[in-house]
1. Conditions first: (1) surrounded by 19 or more Cβ atoms within 10 Å (Cβ to Cβ); (2) of a type in the set (Lys, Arg); (3) touching a strand residue (DSSP E or B) at 6+ places or on another chain (Cβ under 6 Å). Residue 281 passes all but one, so which condition is the exception?
2. Take segment 56-75 and flag every residue that is farther than 17 Å from residue 326 by Cα and either buried (at least 17 other Cβ atoms within 10 Å of the Cβ) or within 21 Å of the chain's Cα centre (by Cα) (or both).
3. Would a scan of segment 277-289 turn up a residue that is of a type in the set (S, T, N, Q) and either closer than 25 Å to residue 198 by Cα or part of a loop (DSSP other than H, G, I, E, B) (or both)?
4. Quick check on this structure: which one of 342, 348 is of a type in the set (S, T, N, Q), crowded, with 17+ Cβ neighbours inside 10 Å and in a loop (DSSP other than H, G, I, E, B)?
5. Within segment 82-114, take every residue that is basic (Lys, Arg) and crowded, with 16+ Cβ neighbours inside 10 Å and give me the one that is farthest from residue 279 (Cα to Cα).
6. Looking only at residues in segment 303-331 that are of a type in the set (D, E, K, R) and surrounded by fewer than 17 Cβ atoms within 10 Å (Cβ to Cβ), which one is nearest to residue 364 (Cα to Cα)?
7. Considering only segment 230-241, I want to know if a residue exists there that is over 20 Å from residue 89 (Cα atoms), of a type in the set (A, V, I, L, M) and touching a Leu at 6+ places or on another chain (Cβ under 8 Å).
8. What residue, of 198, 208, 182, is under 26 Å from the mean Cα position of the chain (by Cα), over 28 Å from residue 259 (Cβ atoms) and of a type in the set (Ser, Thr, Tyr)?
Amino acid sequence: MRHFITALILSLVPIAARAQIPPALPAEALVEVVDPAKVNYLKAHVVVSGPVTGPFTLRLPNAAYRARLFLVGESHGSAAPQALDLQLLTELNRRVGLRDYLAEIDPVQAERFNRYLTTGDEADLDRVFAHWDHAAQWGNTLFKDKVRKVRALNQALPAGKRIRFWGIDAIQYWPLLIDWLTAAGAAPDAKALEAAPTEKAKADLALTWLAASNGGDPITRAALRVGLTQRAAGNRESIIFAGYEHLVTSGALGDRPAYGLWGVFHVLQSSVNGNAPFATRVRQSKLPAAQSMVGIALVLLDSTVLIPAPTPEGVKMMRMTQFNTDGPMIKMDGSADLRAATTPNSLTVFNLAAPGSPYASGPDFARVQTTVGQNFVPDDPKAPATAYLGMIGVVRGSDWAPPL
C-alpha cells in the first residue's frame, strides 16, 4: 500500500495542472457483501483498541513479546499510526527491554537521530527533516515530535535500556551522505554525484569515496558499505533486507529483538506483484526472526492523509480524504468486514491467526484494486491472509499528520 502513495504522487503531476483528482473505481468494484462469521471472529479477537488519538489498550498474545522482529505497517501521512508506534515502542521497552528501533531511514539519518537522542541538539533533527519537508510524507510534525518523545523516554531510562535508531533503508538524501563522507575524511564531488545518471552510478561513486575515507562512526560505515553495495545491484527491498541481515550477523544487533514502523508493503510476509517485501525476505531467510516475527498492517477507513503533490508551483503538502481502503480510489478485499467489526473514531487491531480463524484460507486483505497505482495481486492466489500478516489494524477517523 505504500506504493499506492508513491504512484499517486507521480500521477498527480498532470492532475494538479488540471485541478482534479484521479478517477474513482467503478461502483461495482466497491460493492462487497459483509460476512457475519468473519465479523464475529474479528470482534472476538481484538488485541489493540482505543480512540483513534490514543492511548490504546494492548492485549497482544504473549508470543508477540517473544518475537525477534516486530513490524507495524502504515499508510504514511496519517496521525493515528504515529501514536500507536510510540505506545508500542514504549510498551516493548518496558516489558521485554527492547531498545532497537528499526527505522525506515538510511544509516546516515539514523546517526543524526541517535546524536539528537544523546545531545538534544535540534539541528540534527532539522537536518534530516529538511529533506522530507515539502518532499515526503515523513515530513510531518507528528513524526518529528515522536523522535523528541523517544529522547524524553530515554532520559527516564537507565543507559542499558535506552532506545537507538537503526537505519537500514536505501540512501534517501544524497547531500546528507556527502556531508558524512566529508566529515569522515573523504573528498566527495557533489556535482559528480548529482550528474550521475542512475542510482547504481551514484552508489558506485559513493562506495569509492567511502573506501577513501578514514573516519566516521564504524557502525555507520559498515552499514553504508552494505547498503551502497546492494543499491548498486538490487531493488529497495533487497537493500532493506541486506541492512537488517548485516546488523544481525555482524553482532551490531545480534539476536536482540527489534521493532519498527514501515510502509504497509514492507511488512507483508508473502510476495505481491512478483516482488518480495522486506518481511517476506526475512521469513525466507535463516535469520533468528524468520520464525519469530510479528506483523501488523494498519489500513485506513474514514481517514485523511498527508500527500506531497507536485504542482506547477512546486510540491504542495495536501490533506487528502480519498485514499481509504474501501474507496473511492482504493478497494481492499475484506474491507467491508473490517468496517462492520469496528466503530468510528477508533483504532482496532485484530489477531488473524487464532485457532479456528477463517483467515487461514482465502485471499482476504491481500487483493487490492486501485486507480492511483498498481493493483495488489498475490503471487500465490491460494495463499490465505495469514500468509501475509498475523494481525490487521483498522484506523477509522484519523486526521492527517500535519506538514512541517
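1. With (1) surrounded by 19 or more Cβ atoms within 10 Å (Cβ to Cβ); (2) of a type in the set (Lys, Arg); (3) touching a strand residue (DSSP E or B) at 6+ places or on another chain (Cβ under 6 Å) applied to residue 281, the lone miss is (3).
2. Within segment 56-75, 56, 58, 60, 64, 65, 67, 68, 69, 70, 71, 72, 73 meet the criteria.
3. Within segment 277-289, one or more residues are of a type in the set (S, T, N, Q) and either closer than 25 Å to residue 198 by Cα or part of a loop (DSSP other than H, G, I, E, B) (or both).
4. 342
5. 112
6. The extreme case among them is 319.
7. Yes, segment 230-241 contains at least one residue that is over 20 Å from residue 89 (Cα atoms), of a type in the set (A, V, I, L, M) and touching a Leu at 6+ places or on another chain (Cβ under 8 Å).
8. Within the list 198, 208, 182, the selection yields 198.
The values are calculated or read from the model by the stated rules, or taken from the named source; none is laboratory data. For clarity, every value in this text was computed on a predicted model and none was experimentally measured. Ideal geometry is used to build each Cβ from the backbone, glycine not excepted, and the neighbour counts take in all protein chains shown.
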